[in-house]
1. With just the Cα atoms defining each centre, how far is region 101-134 from region 5-30? Give it in Å.
2. Take the solvent-accessible surface of the protein heavy atoms, probe 1.4 Å, and return the percent of it on the chain that carbon and sulfur atoms account for.
3. Take the Cα coordinates of region 89-141, assign each an equal point scatterer, and use the Debye formula without solvent to give log10 I(q)/I(0) at q = 0.13, 0.27, 0.28, 0.32 Å⁻¹.
4. 7 Å from Cα along Cα→Cβ at both Met1 and Thr77: what's the point-to-point distance in nm?
5. Would you kindly find the accessible area of Val124, with a 1.4 Å probe and non-protein molecules such as ligands, DNA and RNA excluded, rounding to the nearest 10 Å²?
6. Based on the Kirkwood radius over alpha-carbon pairs, what is the Stokes-Einstein translational diffusion coefficient of region 15-97 at 10 °C with 1.306 mPa s viscosity, in µm²/s?
7. Can you report the principal axis dimensions of region 14-171 using only the alpha carbons, biggest first, rounded to whole angstrom?
8. Taking a probe of 1.4 Å, how large is the accessible area per residue of the chain, in Å²?
Amino acid sequence: MINKKVEKALNNQVKIEAESSQAYLAMASWAECNGLNGTALFLYEHSDEERQHMLKLVKFINERGGTAIIPELNKPTTAFKGIKDIFTTLLSHEVNVTKEIHEVVDVCLKEKDYTTHNFMQWYVSEQIEEEALARSIMDKIGLIGNDKGGLYLFDRDLEKLSTVAPANGPA
Ligand code: FEO
C-alpha cells in the first residue's frame with residue numbers, strides 16, 4: 001500500500017497539473033480569439049501535455065494501491081493584456097509547479113518511499129525543460145517590445161515550436 005502522506009502529496013499534484021491544463025487552455029482560447037494562431041496552437045498543445053502529467057499521476061497512485069482523487073478546479077484567468085502577460089503568468093506558474101514537485105520529492109524522502117521518489121524524477125526533469133522554454137519565450141518577447149512585425153514573427157515561431165501541424169491542430 002502506498003504511504004498515506006505520499007498519496008496525499010501526489011493527489012495535491014494531480015490538482016496542480018489539472019489546473020495548469022485549464023490555465024493554458026484559457027490562454028490558448030484567448031490567443032485564438034485575438035488572432036495569435038501560432039501562440040494558440042502552442043498553448044493548446046501545452047494544455048494537453050499538462051493533462052498527460054495529471055493522468056500519469058492518477059494512474060501511478062491507483063497502480064500503487066492508493067486512490068486518485070479527481071479534484072474540483074479553481075476557475076482559470078481568462079482575460080489577458082497580451083502575450084507578455086500570458087507568458088509572464090505561464091513562467092511564474094511553472095516556477096511554482098517546480099516548487100510543488102520538489103515538495104512531493106521531499107515527502108517521498110521523509111517517508112523513505114524510494115519508488116515514488118524515482119517516479120517523481122521524471123517531473124523534476126520535465127520542470128527544468130518547461131522553465132527553460134518559458135524563459136526563452138520571455139527573452140523573445142523582450143526583444144520584440146511593441147513591434148507589430150516582431151509579434152507576427154513570434155507567433156509564427158511558436159507555431160513551429162508546436163509538434164502538431166496547424167492543419168491537424170484544433171479546428
Ligand atoms: Fe506539468 Fe508544466 O507542469
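The values are calculated or read from the model by the stated rules, or taken from the named source; none is laboratory data. Keep in mind that this is a model prediction, so the values were computed, not measured. Every residue, glycine as well, gets a Cβ built from its backbone with ideal geometry; the counts of neighbours run over all protein chains shown. The protein model used for the area step is the full one, side chains on, heavy atoms only, and it has no ligands, DNA or RNA in it. Shrake-Rupley method; radii C 1.70, N 1.55, O 1.52, S 1.80 Å.
1. Result: 15 Å between the Cα centres.
2. 54 percent
3. Calculated log10 I(q)/I(0) at the listed q: -0.36, -0.96, -1.00, -1.16.
4. The two pseudo-label positions are separated by 4.2 nm.
5. Its accessible surface works out to 30 Å², give or take rounding.
6. 118 µm²/s
7. 54, 30, 27
8. 56 Å²
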